[in-house]
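Presented below is the structure to which this report refers.
Just so it is clear, none of the values below were taken in a lab; they were calculated from the coordinates. Fair warning: this is a prediction, and the values are worked out from it, not measured in the lab. In this analysis, Cβ positions are derived from the backbone assuming ideal geometry, glycine residues included, and neighbour counts consider all displayed protein chains.
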Amino acid sequence: MRRPAALALAAAVAACGGGSSGAPAGPCSPPGAGFDPDRPAQRLSELCLVEAAGGGTVAPRPGVVPYELNTPLFSDYALKTRTVWLPPGTRAAYTADAPLDLPVGAIVTKTFALPPDLRSPTVGLRLLETRLLVRTAQGWRGYPYLWNAAQTDATFQPGGAVLQLPLVTPSGAAVTASYLVPSVTQCARCHADTPDGGLHLLGPTARNLNRTHAYPSGTENQLAHWTAAGILEGAPAPAEAPRLPVWNDPATGTVAERARAWLEVNCAFCHSPGGLARTTGLYLGTGVTDPYQLGVCKPPVAAGPGSGGLAYDVVPGDPDASILAYRVAATDPVAVMPQLGRSVVSEEGLALVRQWIAELPAQPCP
């Protein structure tokens with residue numbers, strides 16, 4: 001059943017003492033009024049969702065379920081820990097081609113951490129922020145929390161922040177990430193779903209969740225685990241559910257399949273018929289089959305600095321002549337894609353996109 005918003009969100013606080021995620025229970029004293037979407041808790045610890053676990057990591061509180069994605073969004077190389085919590089007695093509804101339909105009161109968290117040197121990702125790992133998406137009766141709402149210097153708690157930061165973080169990339173390049181903690185209003189730039197600014201989930205789709213996760217009780221497929229835990233209904237057996245390739249694991253798909261997965265996660269939230277970039281006619285979801293909609297020999301709707309002086313979104317066999325590859329490689333704000341959420345280049349993602357374009361059968365564009 002689905003509860004009214006106030007009861008469901010209040011239950012999010014009351015549930016801190018139950019469930020089993022393998023995380024230590026520890027003391028937790030949330031406010032008795034519950035989580036008010038219009039007056040959110042000022043400290044993340046008040047919500048009993050995740051807690052600092054040392055070494056730049058967080059652990060889910062009891063009753064909160066961790067999850068992973070096959071192909072995650074690139075966010076300046078930040079490492080992410082994801083969790084979902086549903087009010088007791090409620091379930092998410094399975095959908096094959098869209099994010100799972102979570103009930104009113106559901107809370108999704110995503111915690112971001114970054115080491116100074118990606119070649120040693122567990123050394124000096126620092127918690128940066130935890131983002132909450134909360135399902136209210138009026139729709140999804142976003143809440144950013146910024147971790148303190150002591151790495152003990154995070155504070156509600158409605159205006160967001162920009163963190164200047166020196167970083168060594170996996171290839172050894174020294175860069176400075178202008179890491180964005182989005183404001184409450186900036187959440188809509190990626191999660192917008194309707195013209196009036198409504199938000200929706202992006203990552204938790206069946207095809208992106210269809211993978212194993214190492215739970216305290218043992219390794220299990222996530223869709224099966226959610227079903228057995230009573231928080232998901234209507235899901236088929238994992239072998240019958242769609243599965244998105246792991247973008248950097250050749251065992252899970254061809255170059256084209258993995259590149260398309262990377263583009264779906266990093267670009268299709270805007271570049272889709274219902275996204276903010278729908279007027280471009282460039283659609284990058286994995287279900288798109290029309291080569292022209294994928295950008296093949298397609299001129300941009302609006303030429304300018306963002307095109308890099310190039311004529312077509314994708315020139316088969318020639319990544320150097322393709323606007324898509326140019327924008328994935330860009331860091332200039334007028335050309336960078338996505339426009340929000342990254343300030344450095346995904347070296348590996350760019351290489352994969354370029355390889356996909358290079359392997360497309362060459363053909364002359366008009």
Taking 0.36 nm per intervening residue step and subtracting the Cα-Cα distance, what contour gain separates residue 152 from residue 276 on full extension?
-> 41.0 nm
Mean shadow area of region 86-158 over all directions, Cα convex hull, nm² = 7.3 nm²
Select from 85, 255, 205 the residue farthest towards the positive end of the dipole of the chain; place +1 on Cβ of Lys and Arg, -1 on Cβ of Asp and Glu, and compute about the Cα centre.
-> 85
Translational D in µm²/s for region 235-296 (Stokes-Einstein at 20 °C, 1.002 mPa s, Kirkwood Rh from C-alpha pairs) | 172 µm²/s
Under the 7 Å Cα-to-Cβ spin-label approximation, residue 68 and residue 240 lie apart by a distance in nanometres of 2.6 nm
The chain, dipole about Cα centre (Lys/Arg Cβ +1, Asp/Glu Cβ -1), debye to the nearest 20 = 560 debye
Full extension from residue 248 to residue 301: what is 0.36 nm times the residue separation minus their Cα-Cα distance, to one decimal in nm?
-> 16.0 nm
Estimated FRET transfer efficiency when R0 is 22 angstrom, pair residue 185-residue 228 (beta carbons, to 0.05) = 0.05
Rounded to the nearest 0.05, what FRET efficiency is calculated for residue 212 and residue 123 with R0 set to 45 Å and r the Cβ-Cβ distance?
-> 0.95
Rounded to whole Hz, the Karplus (6.51, -1.76, 1.60) HN-Hα couplings of region 312-329, x for glycine and proline | 9, 4, 9, 9, x, x, 9, x, 5, 9, 9, 4, 4, 5, 4, 6, 5, 8
Please tell me the relative contact order of the chain in percent, rounded to the nearest whole number, where contacts are Cα pairs under 8 Å and at least six residues apart.
-> 13 percent
Can you give the FRET efficiency for residue 257 and residue 340, using 1/(1 + (r/R0)^6), R0 = 35 Å, r = Cβ-Cβ distance, to the nearest 0.05?
-> 0.85
Report the semi-axes of the equivalent ellipsoid for the chain in whole Å, largest first, where each axis is √(5λ) for an eigenvalue λ of the Cα gyration tensor.
-> 35, 23, 20
Linear extension gain, residue 53 paired with residue 38, 0.36 nm per residue minus alpha-carbon span = 2.5 nm
